[in-house]
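What follows is a single structure, written as structure tokens, with notes after it.
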Amino acid sequence: MKSLPTLPLVADQPRFSLLDPVRNRIELIVFCSVFSFCFMYIFLPFNINMWYEGQHLHLVVFFGIFTGCGILGLTVSQFLLAGWKIRRRLTNATYLFWLLGEIVLVASIVTMVDVLLTDTFFFTWSEFINTLRYTALIMPLPYMISLLWFFSREKYKQLKSLENRVSQIPVLPALVADMPAPLPAPVPDSCLQIKDEQGKTVLSVHPAKLLMIKAEDNYVQVFYRNGAAISKELVRVPLKKMELQLTANGFARAHRSYLVNLSKVVLFKKNSKGWLLHIEGMEDSPVPVSGTYLPVFQSAFG
């Protein structure tokens, strides 16, 4: 009789290996114990301070004992039982069942110690279920935080190792000779580099396509021709800084809020409100010329 093939649902998954190093297992136990003790001491969950009123031991001592129970349970699980064949065959998905088993083990130890230390608790099924529920609410959080830290540390080491191996690969001269020549870099002065206040290039535009700059508080609106359309770009930089950069490229200040490309001025006229400029492609948005900068334009267009 032919046997049915085994479905590769678990076998194809990677084996759970985050807790293979002894260092990781020790750090897991230490972090879970410290976290659990501090959590019980600070927040007093489930009104735990009322459970042991009138007992001969201080509440902090009980917290220490319960933390010790957790340390014992995790030590048994991570060291004494770590050599089991079933433990070594667990995948990333099925390790969840091992964690559930650890929670049951710790809850069992805590229940037995609790019964031995106090005369108000008895070893009953309901007592164990209550302890199991409280353990399941406290223990998984530090456990998962530890696993996440181990995973991040492992991936970081793999990345550094890969970078070291790549940096050590020799480049053969023949291989370099066969490599295609790099593309020629653009001519630096063919375009204007519009940079923000941190020196980062935001826009690269040819001077012939740049129309004007308009100040808006701590920003400027850069108007430029993009094919047949007029586009604009908001850049965080003072207009004064733009003026220092663009004056040598045929730009002039027309107003405290405007910097215009003189070669793009198509009309310079005066009306009842004063002098105005019309920029190529932006005739519907005339630019005012203030008295401070008027002589420059009268000299250029008068």
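A few remarks follow.
- So Tyr134, is it closer than 16 Å to Ser36 by Cβ, in contact (Cβ under 8 Å) with a residue 24 or more places away in the chain, among the aromatic types (Phe, Trp, Tyr) and open to solvent by 30 Å² or more (accessible area, probe 1.4 Å): yes
- Test: residue in the stretch 147-155 that is aliphatic (A, V, I, L, M) and modelled with pLDDT of 85 or more: yes
- Of the residues in the stretch 68-88, at least one is of a type in the set (A, V, I, L, M), in contact with a helix residue (DSSP H, G or I) (Cβ under 8 Å, 6 or more places away or on another chain) and modelled with pLDDT under 90.
- Qualifying residues in the stretch 219-252 (those that are modelled with pLDDT of 85 or more and in a loop (DSSP other than H, G, I, E, B)) - the one surrounded by the most Cβ atoms within 10 Å (Cβ to Cβ): Val237
- Pairs with Cβ under 8 Å, 6+ apart, first in the stretch 219-243 and at negative phi, second part of a helix (DSSP H, G or I): Val220/Leu239; Val220/Met242; Tyr224/Lys209; Arg225/Lys209; Asn226/Lys209
- Reported count of residues in the stretch 52-90, each being among the small types (Gly, Ala, Ser), over 39 Å from the mean Cα position of the chain (by Cα) and open to solvent by less than 70 Å² (accessible area, probe 1.4 Å), is 0.
- Residue pairs meeting the criteria (Cβ under 9 Å; at least 6 apart or on separate chains; first exposed (fewer than 14 other Cβ atoms within 10 Å of the Cβ), in the stretch 276-302; second modelled with pLDDT of 85 or more and basic (Lys, Arg)): Thr292/Arg253; Thr292/Arg256
The values are calculated or read from the model by the stated rules, or taken from the named source; none is laboratory data. These numbers come from a predicted model, not from an experiment. Don't worry about glycine lacking a Cβ; one is built from the backbone with ideal geometry, like all the others, and counts go over all protein chains shown. Accessible surface is based on the protein model in full, side chains and every heavy atom, while ligands, DNA and RNA are left aside. Shrake-Rupley method; radii C 1.70, N 1.55, O 1.52, S 1.80 Å.
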